[in-house]
Number of protein chains: 2
Amino acid sequence: MSVITIERKVLEKNDELARRNRELFAKQRTFVINLVSSPGSGKTSLLEKTLGYLKGKLKIAVIEGDVQTDLDAQRVARFDVPVAQIVTNGGCHLEAKLVADALDRLDLAGVELLVIENVGNLVCPSNYDLGEAMKVVVASTTEGDDKPLKYPAMFRNASVLIINKLDLLPYLDCDINALKRNALQINPSLTVFETSCRSGSGIPEWCAWLQQQVSKGYNVKPSTLT
Amino acid sequence: MSVITIERKVLEKNDELARRNRELFAKQRTFVINLVSSPGSGKTSLLEKTLGYLKGKLKIAVIEGDVQTDLDAQRVARFDVPVAQIVTNGGCHLEAKLVADALDRLDLAGVELLVIENVGNLVCPSNYDLGEAMKVVVASTTEGDDKPLKYPAMFRNASVLIINKLDLLPYLDCDINALKRNALQINPSLTVFETSCRSGSGIPEWCAWLQQQVSKGYNVKPSTLT
């Protein structure tokens, strides 16, 4: 049995478990995003800003995925939301099974938005469906404008791109228009936001969009509606 | 046959091929570093600075690893050094076999330093020996000070830590002393450099250290000398 056959079986098994997660989310009427990026792009900071802004407006829960430590879950828990930590112990991405296990520890009743923060990795998480409504990829201006071309799968499989750390642009050689152009070349249907977790710019627009998605009841991928 | 058994076999096969690469490097008297980091930490910029500084002082060759594109190889080729590009086509790390294939296209005769720039990924490349003398991990100040704790394997398996983008510190919440403390907690034997590719600070110290390693003829891991 070849390695490729094994990998295909792992992905098939994952897709089946993701389908079950998606059914559960649909039943609970929970809109779910899978937040992905390189390490240090600001996923957790963005999540903190989002939780702060949407406090009292949306009922939110969080699943934190990390290779090690529960540092991010501790940061998120300060916002008084239900949070479950997954530690992958060296694993480079979340899988649907790990999310299903975390859901056993998380009561979704009344939860309108579930944010799954994936392991910081711009490659491996792109292949794994967790049952989310959509992947949201965060790219920091500090990473440069060429990343969509160099790591295309993640940008191709995401529905939303958040360009973060906008406040650092004056000190960088990053051309934000080139960054957007490169991302849209890979995936023309990306919805793009520009944010700074330091200044707070772009956070209201991003949060308003999230509220819109929740009110639309968009919690099942069109492809699974057949 | 379980997935774990397959993974173990992949790693064993890789170790065998890495051993052969290491023998070749020893025979050619080439000092080899495996440059690893998150996407956008500045590996290629650091390499450009290093090539510029060491021009006429060391004979250097480069192997570039990328998921897609040869953008980095193009940047490096401007410095008039031999460069071979590996495109992994979605693969999240370099393996010894890919490096062996690249070596077929690269004449190591007289090359004193070979830099292998790995795929931008702070998780997967940590498990794969390429035959290098040592792994050098680049961490950008923009990624925050908690990354060694959250991605410990890479910091544990590296011999050198380069803290890059020092010029951005005034605009960040990153505590560089905490970053160093966290890294040294994971791996107390790390040699640490602090660099800025924008201002050039730290580049002479890093390059002097590289020259020292080359002159010491340190090109085989102690563990393989038995």
Qualifying positions in the stretch A:192-226 - among the polar types (S, T, N, Q), exposed (fewer than 13 other Cβ atoms within 10 Å of the Cβ) and modelled with pLDDT of 95 or more:
A:Ser199, A:Gln212
Can you find a residue in the stretch A:118-129 that is modelled with pLDDT under 95 and either crowded, with 24+ Cβ neighbours inside 10 Å or part of a helix (DSSP H, G or I) (or both)?
yes
Based on this model, can you work out whether A:Lys49 counts as under 21 Å from A:Val214 (Cβ atoms) and within 12 Å of chain B (Cβ to nearest Cβ)?
no
Complete set of residues in the stretch B:7-47 that are closer than 13 Å to B:Asn118 by Cβ, of a type in the set (Val, Ile, Thr) and out of contact with any helix residue (DSSP H, G or I) (no Cβ under 6 Å at 6 or more places or on another chain):
B:Ile33
Would you mind stating whether A:Glu132 is away from chain B (no Cβ under 11 Å), under 29 Å from A:Lys59 (Cβ atoms), surrounded by fewer than 24 Cβ atoms within 10 Å (Cβ to Cβ) and among the charged types (D, E, K, R)?
no
Going through the stretch B:148-178 one residue at a time, which ones are more than 9 Å from every other protein chain (Cβ to nearest Cβ) and closer than 26 Å to B:Asp129 by Cβ?
B:Pro148, B:Met154, B:Phe155, B:Arg156, B:Asn157, B:Ala158, B:Ser159, B:Val160, B:Leu161, B:Ile162, B:Ile163, B:Asn164
Show the residue pairs meeting these rules: Cβ distance below 9 Å; 6+ apart or different chains; first residue within the stretch A:23-38 and in contact (Cβ under 8 Å) with a residue 60 or more places away in the chain; second residue among the basic types (Lys, Arg) and part of a helix (DSSP H, G or I).
A:Phe31/A:Lys216; A:Val32/A:Arg22; A:Leu35/A:Lys43; A:Val36/A:Lys43; A:Ser37/A:Lys43; A:Ser38/A:Lys147
If you check B:Ala109, B:Ala183, which single one turns out to be closer than 30 Å to B:Gly91 by Cβ, away from chain A (no Cβ under 11 Å) and surrounded by fewer than 19 Cβ atoms within 10 Å (Cβ to Cβ)?
B:Ala109
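Here's the yes/no breakdown for (1) under 16 Å from the mean Cα position of the chain (by Cα); (2) in a helix (DSSP H, G or I); (3) surrounded by fewer than 17 Cβ atoms within 10 Å (Cβ to Cβ); (4) free of Cβ contacts under 8 Å to residues at least 60 places away in the same chain:
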position: A:Ser45; (1), (2), (3), (4): yes, yes, no, no
position: A:Leu58; (1), (2), (3), (4): no, no, no, no
position: A:Ile63; (1), (2), (3), (4): yes, no, no, yes
position: A:Ala73; (1), (2), (3), (4): yes, yes, no, yes
position: A:Val76; (1), (2), (3), (4): yes, yes, no, yes
position: A:Ile86; (1), (2), (3), (4): yes, no, no, yes
position: A:His93; (1), (2), (3), (4): yes, no, no, yes
position: A:Asp101; (1), (2), (3), (4): no, yes, yes, yes
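The values are calculated or read from the model by the stated rules, or taken from the named source; none is laboratory data. No experiment lies behind these values; they were computed from the predicted model shown. Because the Cβ atoms are built from the backbone with ideal geometry, glycine has one as well, and the counts that use them run over all protein chains shown.
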